[in-house]
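A.B. asks: Structure provided below as structure tokens; questions to follow.
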Amino acid sequence: MPTLTEAELIEVGRALLTAAKIPAQEIDPVALHLADANMVGHDSHGVMRLVQYLQMVDDGFVKPGAPVERVVDGPAFCVLDGHFNFGQVIAGEGLRLALEKARGQGTATVFMRNCNHIGRLGAYTEAAAQAGFTAVMAVNAPGPGGVAPFGGIDRRLGTNPISMASPAPGGAVVLDMTTSATAEGKLRVAHQKGESIPPGLIIDGHGNPSTDPADYYNKPYGAILPLGGPLMGHKGFGLSVMLDLICGLLSGSGLCRTDLPRGANGVWLHLMEVERFLPRAEYDQWITTYIDTLKSTRTLPGVSEILLPGEIERRRRQLRESEGVPIPDETWRQLTELAAKLGATLPTIA
Ligand SMILES: NC(=O)c1ccc[n+]([C@@H]2O[C@H](COP(=O)([O-])OP(=O)(O)OC[C@H]3O[C@@H](n4cnc5c(N)ncnc54)[C@H](O)[C@@H]3O)[C@@H](O)[C@H]2O)c1
């Protein structure tokens, strides 16, 4: 299994995107975002996506060079139409505008429609938190997704992720999670490795519980369960429905559409500037005491410490900065094959 540094991961993205003739200004938003996802341990959202993204360019679903257009604009809100450029390009512009507007107004909401896969939501909310904002970001799939409604068998919802981040000493508290029992990318990684998955995440095409990711990818198609699984899935289902309404309807992306390209997303980003609501010193004092209180609890057997949302990703980054990122052989084979097809030169890995 090849092990890559962050610089090498970025180089893989730059080499492939350049060879695919992606406009120069759109290369780094994608390449840096994917490498960062690998660095924090979310390999399902890392460089393995380059194969899928460039296939989507070939298929005409991703439209490099398409303008990111402001179709609705107000002092503290706007709606962007991404015209199906790369999701990272659209969401990067959405974050830039949200920061600009929230610095002026104290708070801002940006919706994005006709957006492709934006990657790991926590990257955007954490960036906002580090700039002094509490951030909420969510994504819906306005077309048919892979998640069954609570009690259903058929696919109806997206994995509809939500991330919330807030400044904290030493970085930020960053929740970043799907409202489904698993991210689709995690199934894809297990499927690629030929591994089984824990129970309670998916059902097969007949509604039976399954631990084989192939049941999701092969006909008759199974479905991912809502967050909470067979027992408590009504909560994940409820969250997912509400995110469909916010990200899908208010963004103008729509719901349950069958006329959209595969992978189309509606995106919601909301920022609140901490300093506008209370002095930052007071905020820092409260959050420090709060974190200390949470972490001071006795722990269950086998648990060494309480981790805050986002902490595991920060630790994985520290580890991967020193040890590198192992890329599964199958992912590396696909990237190498793509490089050969495009005439790209990938970095030589020791
Ligand atoms: N762009 C898209 O359309 C899309 C769709 C689905 C998922 N995603 C991304 O997929 C990624 C994975 O989502 P996921 O739901 O599988 O995440 P996950 O289950 O790995 O983590 C969910 C949250 O739990 C926290 N966490 C993990 N272990 C913890 C522990 N032991 N103690 C305390 N907190 C802990 C994490 O910091 C994170 O905030 C996310 O980055 C998400 O943005 C993106």
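The values are calculated or read from the model by the stated rules, or taken from the named source; none is laboratory data. Fair warning: this is a prediction, and the values are worked out from it, not measured in the lab. FYI the Cβ positions are ideal-geometry reconstructions off the backbone, even for glycines, and counts take in every protein chain you see.
A.B. asks: With the condition kept exactly as written, say whether any residue in the range 203-219 is surrounded by 23 or more Cβ atoms within 10 Å (Cβ to Cβ), within 16 Å of the ligand (Cβ to nearest atom) and over 30 Å from V274 (Cβ atoms).
C.D. replies: yes
A.B. asks: Same structure, new question: Of the residues G254, G302, only one is more than 14 Å from the ligand (Cβ to nearest atom) and either out of contact with any His (no Cβ under 8 Å at 6 or more places or on another chain) or closer than 30 Å to V79 by Cα (or both); which?
C.D. replies: On the way: G302 fails: more than 14 Å from the ligand (Cβ to nearest atom).
None of the other options fit; the residue is G254.
A.B. asks: Please report, ordered by residue number, the strands (runs of 3 or more DSSP E) entirely within the range 68-183 with at least 3 residues that are among the β-branched types (V, I, T) and in contact with a helix residue (DSSP H, G or I) (Cβ under 8 Å, 6 or more places away or on another chain). Talk me through it step by step, then tell me what you get.
C.D. replies: Numbers: elements: 69-74, 77-81, 107-115, 133-140, 162-168, 171-177.
In the range 68-183, the matching strands (runs of 3 or more DSSP E) lie at 107-115, 133-140.
A.B. asks: Give all pairs with beta carbons closer than 7 Å in which a residue from the range 181-210 that is farther than 14 Å from L225 by Cβ meets a residue that is outside any helix (DSSP H, G or I) and within 13 Å of the ligand (Cβ to nearest atom); count only pairs at least 6 apart in sequence or on separate chains.
C.D. replies: Within 7 Å, the pairs are A190/I197.
A.B. asks: Only one of D212, D176 is among the charged types (D, E, K, R) and in contact with a Leu (Cβ under 8 Å, 6 or more places away or on another chain). Can you tell me which? Write out each step before concluding.
C.D. replies: Details: D212 fails: in contact with a Leu (Cβ under 8 Å, 6 or more places away or on another chain).
That would be D176, the only listed residue that is among the charged types (D, E, K, R) and in contact with a Leu (Cβ under 8 Å, 6 or more places away or on another chain).
A.B. asks: Listed residues L245, L255, L157; which is touching a strand residue (DSSP E or B) at 6+ places or on another chain (Cβ under 9 Å), surrounded by fewer than 15 Cβ atoms within 10 Å (Cβ to Cβ) and under 15 Å from P144 (Cα atoms)? Spell out the reasoning first.
C.D. replies: On the way: L255 fails: surrounded by fewer than 15 Cβ atoms within 10 Å (Cβ to Cβ); L157 fails: surrounded by fewer than 15 Cβ atoms within 10 Å (Cβ to Cβ).
Going through L245, L255, L157 in turn, the sole match is L245.
A.B. asks: Still on this structure: Only one of (1) within 13 Å of the ligand (Cβ to nearest atom); (2) of a type outside the set (S, T, N, Q); (3) touching a residue at least 24 places away in the same chain (Cβ under 8 Å); (4) surrounded by fewer than 23 Cβ atoms within 10 Å (Cβ to Cβ) is not met by G145, so which one is it?
C.D. replies: Condition not satisfied by G145: (3).
So that you can scan it fast, the table gives a plain yes or no per residue for (1) over 18 Å from H83 (Cβ atoms); (2) buried (at least 17 other Cβ atoms within 10 Å of the Cβ); (3) β-branched (V, I, T); (4) more than 16 Å from the ligand (Cβ to nearest atom):
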position: T3; (1), (2), (3), (4): yes, no, yes, yes
position: E6; (1), (2), (3), (4): yes, yes, no, yes
position: A15; (1), (2), (3), (4): yes, yes, no, yes
position: A37; (1), (2), (3), (4): yes, yes, no, no
position: V40; (1), (2), (3), (4): yes, yes, yes, no
position: V47; (1), (2), (3), (4): yes, yes, yes, no
position: V62; (1), (2), (3), (4): no, yes, yes, no
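A.B. asks: Separate question: Mind listing whichever residues of the range 284-325 are more than 28 Å from the chain's Cα centre (by Cα) and in a helix (DSSP H, G or I)?
C.D. replies: If the condition is that a residue be more than 28 Å from the chain's Cα centre (by Cα) and in a helix (DSSP H, G or I), then Q285, W286, T289, D292, T293 are the ones that fit.
Conditions (1) more than 17 Å from I246 (Cα to Cα); (2) modelled with pLDDT under 95, marked per residue:
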| site | (1), (2) |
| --- | --- |
| A141 | no, yes |
| N160 | no, no |
| L175 | yes, no |
| E184 | yes, yes |
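A.B. asks: Out of the residues in the range 172-183 that are within 8 Å of the ligand (Cβ to nearest atom) and crowded, with 22+ Cβ neighbours inside 10 Å, state the one that is farthest from A214 (Cα to Cα).
C.D. replies: Step one: list which residues in the range 172-183 are within 8 Å of the ligand (Cβ to nearest atom), which gives 174-178, 180, 182-183.
Retained after the next criterion (residues that are crowded, with 22+ Cβ neighbours inside 10 Å): 174, 176, 178, 180, 182.
Numbers: V174: 32, D176: 26, T178: 20, S180: 18, T182: 15 Å.
The extreme case among them is V174.
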